[in-house]
1. Filtering the stretch 34-59 down to residues that are charged (D, E, K, R) and out of contact with any Ser or Thr (no Cβ under 9 Å at 6 or more places or on another chain), which residue is nearest to H100 (Cα to Cα)?
2. Please determine whether any residue of the stretch 81-97 is of a type in the set (A, V, I, L, M, F, W, C), assigned to a helix (DSSP H, G or I), under 18 Å from I17 (Cα atoms) and within 10 Å of the chain's Cα centre (by Cα).
3. Tell me, which strands (runs of 3 or more DSSP E) wholly within the stretch 1-49 include 2 or more residues that are within 17 Å of D64 (Cα to Cα) and free of Cβ contacts under 8 Å to residues at least 24 places away in the same chain?
4. With the checklist (1) surrounded by 15 or more Cβ atoms within 10 Å (Cβ to Cβ); (2) at pLDDT below 95 in hand, flag the one item S23 doesn't pass.
5. Among the residues that make up the stretch 55-70, is at least one of them out of contact with any strand residue (DSSP E or B) (no Cβ under 9 Å at 6 or more places or on another chain) and of a type in the set (A, V, I, L, M)?
6. Can you tell me which of (1) part of a strand (DSSP E or B); (2) more than 21 Å from D20 (Cβ to Cβ) is the one D64 doesn't meet?
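The values are calculated or read from the model by the stated rules, or taken from the named source; none is laboratory data. As the structure is a prediction and not an experimental result, all values here were calculated from the model. With ideal geometry, Cβ positions are generated from the backbone for all residues, glycine too; neighbour counts draw on all protein chains shown.
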Amino acid sequence: MDNNIEKLAMLLGVAEITEDYKSNTDFEISEWNTADGYSLHVMTQNPRQLDFEYDVYYYEPSFDHIIDRIKELDEDSIVYISDIELYLDDNEVQDYIDEHTEEEEE
């Protein structure tokens, strides 16, 4: 796992952020396809009981929205992200780490 993703997980207060699917993940961020060929973006704690008004996105969710949803999780949570490069842009991750590491040092 990328060192910045490990740092991000620590800053967000979750146990792990991973691209390795595990059946016991606490939160999933992934792209799903519809029967008619459209893509939807899903962020959910329970993929079997989606809350379409809260968990399903027609457009890719913003970095800030993804971060806010992860912050809602418990400390021991495992976050599965199907494509970390798509959902957590390297530059945005680095900026977030820099900004929040500076706050802790002050």
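1. Across the stretch 34-59, the extreme among qualifying residues is E53.
2. For the stretch 81-97, residues of a type in the set (A, V, I, L, M, F, W, C), assigned to a helix (DSSP H, G or I), under 18 Å from I17 (Cα atoms) and within 10 Å of the chain's Cα centre (by Cα): present.
3. Working: elements: 16-18, 27-33, 39-44.
Once the strands (runs of 3 or more DSSP E) in the stretch 1-49 are filtered for at least 2 residues that are within 17 Å of D64 (Cα to Cα) and free of Cβ contacts under 8 Å to residues at least 24 places away in the same chain, what remains is 39-44.
4. Unmet for S23, out of (1) surrounded by 15 or more Cβ atoms within 10 Å (Cβ to Cβ); (2) at pLDDT below 95: (1).
5. yes
6. In the conditions (1) part of a strand (DSSP E or B); (2) more than 21 Å from D20 (Cβ to Cβ), D64 misses (1) alone.
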